[in-house]
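Below: the structure, in structure tokens.
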Amino acid sequence: MVQLYCDTLLRGCKAEDAGDAMSKYLVEKLKMKENNWLGIWKANPDLFFVNSEDLIIPSVGILVEVTWKSPQSSSSQIKASVSVVEPFASNVANMPRELVDNVLEELDHCVPLLEIYPVEGQDNTVIEIAQALDIVRFFYDFIWRDWDADESCETYAALVEERIKLWCDIQNGTIPAPLGHRFKKHLEKYKILRLELIQYQSNIEEEPTEEEVVECWKKYYELVMLCGLLKIWEDLRLRAHGPLTPRILRRRKGYRDDRKTVTHTVAKTMTAEMVKNFCLDAPLQHHENLNAALESCYSGDTVVIFPGEYKAVSLSMLTEDITIKGTGKAEETRIVSEPTHDSFVISKAQDIKLMHLTLVQQGTVDGIVVVESGHMTIANCVLKCEGTGVCVLTGASLTVTDSEITGAQGAGVELYPGSTALLEGNKIHHCNNTRASETSPCSLGGINIKVIPFPKLKMKNNHIFSNRGHGVTIVQPAEIPASAEGVGELTASGDADETLSKLMQDLRLEKNTNTLDDVKDIAVVRS
């Protein structure tokens with residue numbers, strides 16, 4: 001696909017010439033067919049219905065005969081003459097033939113060629129036209145951006161290559177499905193907003209009123225902000241951790257002035273029996289919800305959660321050195337993420353502990369737990385992931401003991417360059433099961449290590465099993481930037497491969513104390 005667009009269709013093109021290049025390619029294919037051919041016109045339901053929001057179908061399909069003549073001038077919006085085929089056929093039951101005739105009359109029987117899908121079973125020339133239409137549609141649906149022509153882009157083919165790779169990563173699951181879905185949703189929202197702005201401007205007659213000017217600016221501002229967000233996503237290739245992800249802006253409170261600590265209890269109903277095991281002189285504060293308890297914490301405090309199911313947005317803003325623990329078995333105390341938020345648990349505390357809890361990720365696209373900085377300990381917990389697993393960012397450290405990590409669409413544990421992790425007595429299983437195909441070159445699974453500089457990983461008595469991919473995957477960049485911090489000497493002296501070999505050797509030695517039952521226990525892949 002990359003070769004088709006970059007080396008054939010858009011070779012040497014600037015961004016502003018891309019539309020003409022695609023039109024030229026399509027016209028050359030259309031010239032091969034002198035006779036009329038049959039196609040399905042997939043029209044916008046708004047052309048036929050006053051309120052199309054309740055319709056299940058995304059478009060109104062009508063069988064038409066297509067007549068195409070070479071346009072007088074080159075244009076990315078190529079149109080074709082169509083006429084309804086007898087007998088009349090549509091994917092909408094009881095569609096009035098008269099209504100279709102009236103709509104086509106208003107359109108002068110000319111519709112955008114990209115809205116037409118050739119019917120199967122025709123000659124080879126029509127098959128080639130159908131393939132060309134798919135190629136051009138894909139270009140405008142996913143590769144082309146409305147802002148491309150307005151920016152100086154001398155290497156447009158390189159930009160196209162990156163966007164195709166981005167699309168492939170979404171399709172094969174290299175990028176977690178929820179994150180890919182969010183990107184597609186934002187891209188579609190941008191296109192809709194742009195059309196709304198154009199339509200609104202075209203309806204303004206003569207001099208706009210103050211209200212119309214304000215409304216135009218509001219729509220334009222929203223469009224610019226959304227455009228900027230999409231550009232960031234593309235630049236970071238939809239990384240879950242970057243400027244697009246809400247970061248912790250709350251300032252650290254630290255310890256209380258008197259250095260005293262408080263135990264915060266969380267339960268919907270509190271009884272005397274529930275607090276009998278606390279020290280008589282222990283300062284206690286009771287809260288009916290977890291959010292209130294976390295907001296009240298200073299460093300050194302402990303949050304004790306009694307059995308039940310809870311939600312807490314403040315888990316994504318952990319800055320204090322606290323202990324959060326459930327009473328009893330981990331399965332009895334469940335904390336469920338808030339689907340409307342991007343993040344679940346994010347920590348920048350120097351030393352924070354999660355104990356005897358079950359974390360259930362629903363709807364969030366970031367890692368179920370993200371350690372941005374400092375150190376986090378997870379002990380006797382069950383982590384039921386939906387997006388990415390546990391992520392340890394550069395410079396941060398993690399200790400996970402006697403816990404279970406399952407269901408991640410990425411790896412169960414992701415270690416970023418320069419991070420540290422100690423894993424002991426854990427079960428990491430059924431991760432990456434809904435993502436890449438069996439033949440995907442990037443078969444992540446239990447643990448994913450991103451190198452340069454190398455993270456530090458210690459494992460003991462872990463069981464890694466039933467993951468689609470490898471037990472431990474070391475992701476090595478195809479090209480190591482000379483400016484990468486901490487690797488200048490390595491790349492200069494040629495010791496990078498030696499260091500990688502040592503890491504592999506250390507992991508293989510530790511394999512003796514771990515059980516890795518996946519396709520391949522330890523593997524190196526290039527990103």
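The values are calculated or read from the model by the stated rules, or taken from the named source; none is laboratory data. Predicted model, so just to flag it, every value in this text is computed and none were measured. All Cβ positions, glycine included, derive from the backbone under ideal geometry; neighbour counts span all protein chains shown. What goes into the accessible areas is simple: the full protein's heavy atoms, side chains included, and nothing from ligands, DNA or RNA. Shrake-Rupley method; radii C 1.70, N 1.55, O 1.52, S 1.80 Å.
Before moving on, here are some points about what is shown:
- Residues whose placed amide H lies under 5 Å from that of Tyr310, excluding near-sequence neighbours: Arg334, Ile335, Val336
- Averaged over its residues, region 259-395 has an accessible area of 40 Å² per residue, based on protein heavy atoms and a 1.4 Å probe.
- Which listed pairs, of Lys29/Lys185; Lys260/Lys325; Lys24/Lys231; Lys353/Lys458, have C-alpha distances above 25 Å, in listed order: Lys29/Lys185; Lys24/Lys231
- Net +/- balance of residues flanking Glu65 in space, Cβ distance below 13 Å, scoring K and R +1, D and E -1: 0
- Counting 0.36 nm for each residue step from Ala93 to Leu193 and taking away their Cα separation leaves a gain of 32.9 nm.
- Estimated at the nearest 10 Å², the accessible area of Tyr200 is 70 Å² with a 1.4 Å probe.
- Surrounding net charge for Arg194, when Lys and Arg each add one and Asp and Glu each subtract one, Cβ distance under 12 Å: 0
- Potential lengthening of the chain between Val224 and Asp258 amounts to 7.3 nm, from the contour at 0.36 nm per residue minus the alpha-carbon distance.
- Carbon + sulfur, % of accessible area of region 285-375 - ligands and nucleic acids excluded, 1.4 Å: 48
- Largest to smallest accessible area among Arg252, Arg11, Arg182 [probe 1.4 Å]: Arg11, Arg252, Arg182
- Local charge for Trp217 was computed over the other residues whose Cβ lies under 12 Å away, with Lys and Arg +1 and Asp and Glu -1, and equals -3.
- All distinct Cα pairs of region 175-237 go into the 1/r average, and the inverse of that average, the Kirkwood radius, is 13.1 Å.
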